[in-house]
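What follows is a set of notes on a single structure, which appears directly below.
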Amino acid sequence: MSKKALIVGINNFTRPQWQLRGCINDTIEMQGLLKTYYGFLPEDIRVLHDKDASGQGIRNGLAWLLSDYDDDGSDVRLFHFSSHGTQVADQNQDEWECVDEVIVPYDHDWDAPFRDDELSKIFEPIPPNVNFTFIADCCHSGSIQKAALDIEFYPRYLYPDVDITEAVQDLRTVRDDELKAYQAAQMAQMLQGVPPEQWPEKMKEFLTLTEAQFKRDWVGVVPAERHILLAGCEDRQTAADAHIEGEWRGAFTWGLSKAIKEANGDLSYLDLITRTGANLKDYDQRPQLECKTALNDRKFLAPLA
């Protein structure tokens, strides 16, 4: 059996105004969990902090992580990322919301961001018999969500520059104009033979169906992901960098750690995300489990064989 974990935490960035406080603590917590509950040895874990977690540093870390498999179904790989997240304009029309999600390394560059498209290409060659889990304690969208008023926190989200938000809006305008044209082209045919008094009901049904069809045509076929993602929040939410129990932490990593400790590490992926969500009841962020349904009941970080 081979186990490897790449753990990334970035508090400091090339721009001081982007500073966070809890990400290094998250990496310390994750190392302890992996060693205590899941049999990882020190040499199985590589940790990147601040300037070492540059874009190239993360790429090199992932190259180490996703290599040297035993290829017998016993391999386990974990990538834990604790930092900012953000969004930029979609570059290849595979996102209905016209944005690509971005992880923010130490040397984040708006002109050359670390897109989800690149992560997908890095993850694609992972053999199907490897349990690969990606834990993302960062924001994947732009709307600030407020936690309870007595909790001190900051969102792990970078607001895009104006030119990026304008580019996203331009893409959405093009998308919406094409949708309207697509629907108008079919409207006359759809209403043929329908009594006028039924038009409002039929048009509502028509608009729903044609928008769904247009969305499929616009985005194309999106393959089902065979790996496991544990995300700190929904796409439209932000993840909190929060002051919890006397120190700064990522709220998601803290909630996940609490769930693991309370269950002595014996949790399925579905149990883990459910208990983590319950631990975050004071935060307006809902952690997400994204994987094939068949993996829901698999033990967290258990080999697939």
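The values are calculated or read from the model by the stated rules, or taken from the named source; none is laboratory data. The model shown is predicted, which means the values in this text are computed figures rather than measured ones. Ideal geometry is used to build each Cβ from the backbone, glycine not excepted, and the neighbour counts take in all protein chains shown. Quick note on the areas: whole protein, heavy atoms, side chains included, nothing else; ligands and nucleic acids left out. Shrake-Rupley method; radii C 1.70, N 1.55, O 1.52, S 1.80 Å.
The largest accessible area among Ser268, Ser67 belongs to the first residue in Ser67, Ser268, and the rest follow in falling order (1.4 Å probe, all chains).
Assuming R0 = 22 Å, can you tell me the calculated FRET efficiency for the pair Ala63 and Gln17, based on Cβ-Cβ distance, to the nearest 0.05?
Values: r = 31 Å, r/R0 = 1.41.
It comes to 0.10.
Given 4 °C and 1.567 mPa s, how large is the Stokes-Einstein diffusion coefficient of the range 1-107 in µm²/s, with Rh as the Kirkwood radius over Cα pairs?
Working: Rh = 15.1 Å.
For the chosen part, D equals 86 µm²/s.
Leaving out ligands and nucleic acids, note down the accessible area per residue over the range 2-57 with a 1.4 angstrom probe, in whole Å².
44
Note on Leu41 and Val162: the model spin-label points, each 7 Å out from Cα along the C-beta direction, lie 5.7 nm apart.
Given a 1.4 Å probe and the protein chains as shown, Asp111 ends up with an accessible area of around 140 Å². Between Gln198 and Asn296, the simple label model (points 7 Å from Cα in the Cβ direction) yields a spacing of 3.9 nm. Applying a DSSP loop filter and a limit of 16 other Cβ atoms within 10 Å to the trypsin sites (Lys or Arg not before Pro) in the range 244-287 leaves Lys281.
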